[in-house]
Amino acid sequence: MLNIQMYQRVKLLYGNGSVRQTGELMQSMGAKKPFIVCDKGVAAVGILQKITGSLEEAGISYVLFDGVVPDPPADMAEQAAALCKAEGCDSAIAVGGGSCMDTGKAVNMMRFNEGPILRFTDFSTPMNPSPGLVCVPTTSGTGSEVSDGLVISVPNGAKCPMLATNAMADYAIIDPELMVGMPPRLTAMTGLDTLTHVVESYTTNVTNDLIGFFTEKVIDEVVRWLPVAVKDGQNLEARGRMAVCCCVGGWMLGYGHTNAGHSISHVLGSLFHVPHGAGCGFAMPYVLEFNAPAIPGRVRVVAEKLGASFTGNETPEEIGAKARDAALRFVYGEAGLERPKAFPYDESLFDEAAQAISEEMFQAFQPRKMEKADALEILKKIYA
């Protein structure tokens, strides 16, 4: 059976000022009336005007939906999709962070597929191809502009990841200038999301050397450039490097996938509303430690890139401990992430959280099975 190992279907426009090509791009796609999806923050800081100005110069009308909220709920996505259909839009432009791009994917997908959207949480449900989406990321974290994932929340706050290969963007415009305005806190959280994408893709049970070629390079780049971007948000070189890292990390999500680190973050987001990148940063040191007995060689590579040194005589458990400590230093020291207790949490829900973590979908890619008791132990370490 033919087994294609890697393919990138999203066409990329990259470079400072590239967002000014939006109108020309939509013309080339034959789009007459795109539906713009963003949140009110994007609309308020001037990013949106760069896009709408380019569309207006090209003589292209548009409809704006700026009602995206974090962890986009299914009903909000369906309301936006209904407006898109009612206005007769023939394409979509998603502008913003992961929530905006996920909502844009959902809206564009529902131009070609009947709802409700949550029926696609069953991976066996067929999804029709959904062309016509352009993603314009304004953060360097999720990689949603090139990934095949889509995350929607249900009324109780639980996150529902979907495999959305047929809802991926056709194009992504990656303009580092759009990321200059990110404050240090957001830069740290989104940058750690990027880092965990490649660390986890490198340490799953489906990874390989082709994936490792990309993920190892991105780890090196994030370690070098994320602290610079946090310290000096106006540094365009750092913003550009992190934008590339984010994009490549998102690409790898379709191949190496993620592991229990993302399971932990999804559950912390669902129960405690911890921002996704922060949750990934909290989890990474302890998931590396947990997985070291199964894949000591790969965990050691990650640890060395994070600043650990080895004699070559360490046991897998000692490799895991060194990886944990190196990751903790990078996450809270060099990247400057806030400590877990800075975010609201409820220790009485740890048992429920541990059960949910052990059952979360990305556990399928764990090189070492994580039971409820293991997840509970990690939660206690995170919040110690």
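The values are calculated or read from the model by the stated rules, or taken from the named source; none is laboratory data. Because the structure is predicted, anything quoted here is derived from the model rather than measured. Note that each Cβ is placed from the backbone with ideal geometry, even for glycine, and that neighbours are counted across all protein chains shown. The area values use the complete protein model at the heavy-atom level, side chains included, leaving out ligands, DNA and RNA. Shrake-Rupley method; radii C 1.70, N 1.55, O 1.52, S 1.80 Å.
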Open item on the list: Quick check on Arg241: is it open to solvent by 10 Å² or more (accessible area, probe 1.4 Å), outside any loop (DSSP other than H, G, I, E, B) and over 26 Å from His266 (Cα atoms)?
Closed with: yes
When restricted to Gly96, Gly46, the only residue open to solvent by less than 60 Å² (accessible area, probe 1.4 Å), touching a strand residue (DSSP E or B) at 6+ places or on another chain (Cβ under 9 Å) and on the phi > 0 side of the Ramachandran plot is Gly96
Exactly one of Asp66, Asp75, Asp71 is out of contact with any helix residue (DSSP H, G or I) (no Cβ under 8 Å at 6 or more places or on another chain), within 22 Å of Ser144 (Cα to Cα) and of a type in the set (Asp, Glu), and that one is Asp75
Q) What do you reckon, is Leu133 of a type outside the set (S, T, N, Q) and either under 15 Å from Cys38 (Cα atoms) or surrounded by fewer than 24 Cβ atoms within 10 Å (Cβ to Cβ) (or both)? A) yes
Does Ser348 satisfy the criteria of being surrounded by fewer than 16 Cβ atoms within 10 Å (Cβ to Cβ), among the hydroxyl-bearing types (Ser, Thr, Tyr) and outside any loop (DSSP other than H, G, I, E, B)? yes
If I filter region 102-111 for residues that are surrounded by fewer than 19 Cβ atoms within 10 Å (Cβ to Cβ) and more than 21 Å from the chain's Cα centre (by Cα), do I get at least one hit? no
The condition from (1) basic (Lys, Arg); (2) in a helix (DSSP H, G or I); (3) closer than 23 Å to Thr215 by Cβ that Lys341 misses is numbered (3)
Some residue of region 148-163 being open to solvent by less than 40 Å² (accessible area, probe 1.4 Å), over 16 Å from Glu78 (Cα atoms), touching a strand residue (DSSP E or B) at 6+ places or on another chain (Cβ under 6 Å) and of a type in the set (A, V, I, L, M): no
Going through region 49-77 in order, the residues found to be of a type outside the set (S, T, N, Q), open to solvent by 60 Å² or more (accessible area, probe 1.4 Å) and assigned to a helix (DSSP H, G or I) are Lys50, Glu56, Glu57, Asp75
Of the listed residues (Ser91, Ser28, Ser99, Ser54), the one being among the polar types (S, T, N, Q), within 22 Å of Ile174 (Cβ to Cβ) and under 21 Å from the mean Cα position of the chain (by Cα) is Ser99
Quick count over region 5-14, residues being over 15 Å from Phe214 (Cβ atoms) and either free of Cβ contacts under 8 Å to residues at least 12 places away in the same chain or loosely packed, with under 14 Cβ neighbours inside 10 Å (or both), is 2
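Yes/no matrix, rows are residues, columns are (1) touching a residue at least 60 places away in the same chain (Cβ under 8 Å); (2) of a type in the set (Asp, Glu); (3) open to solvent by 40 Å² or more (accessible area, probe 1.4 Å):
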| residue | (1), (2), (3) |
| --- | --- |
| Val274 | yes, no, no |
| Phe290 | yes, no, no |
| Ala294 | yes, no, yes |
| Arg298 | yes, no, yes |
| Lys305 | yes, no, yes |
| Asn313 | no, no, yes |
| Gly320 | no, no, no |
| Ala323 | no, no, no |
| Gly333 | no, no, yes |
Exactly one of Gly30, Gly97, Gly88 is small (Gly, Ala, Ser) and modelled with pLDDT under 95, and that one is Gly97
Scanning region 23-43 residue by residue, the ones that are buried (at least 19 other Cβ atoms within 10 Å of the Cβ) and either without any contact (Cβ under 8 Å) to a residue 12 or more places away in the chain or in a loop (DSSP other than H, G, I, E, B) (or both) total 3
Based on this model, can you work out whether Gly269 counts as in contact with a strand residue (DSSP E or B) (Cβ under 9 Å, 6 or more places away or on another chain), open to solvent by less than 10 Å² (accessible area, probe 1.4 Å) and either under 22 Å from Glu377 (Cα atoms) or of a type in the set (Ser, Thr, Tyr) (or both)?
yes
*Filter result for Ser18 (open to solvent by less than 40 Å² (accessible area, probe 1.4 Å), at pLDDT 95 or above, within 30 Å of Gly256 (Cβ to Cβ) and not acidic (Asp, Glu))*: yes
**Prompt:** closer than 24 Å to Lys33 by Cα, surrounded by fewer than 24 Cβ atoms within 10 Å (Cβ to Cβ) and modelled with pLDDT of 95 or more, is that true of Asp175?
**Reply:** no
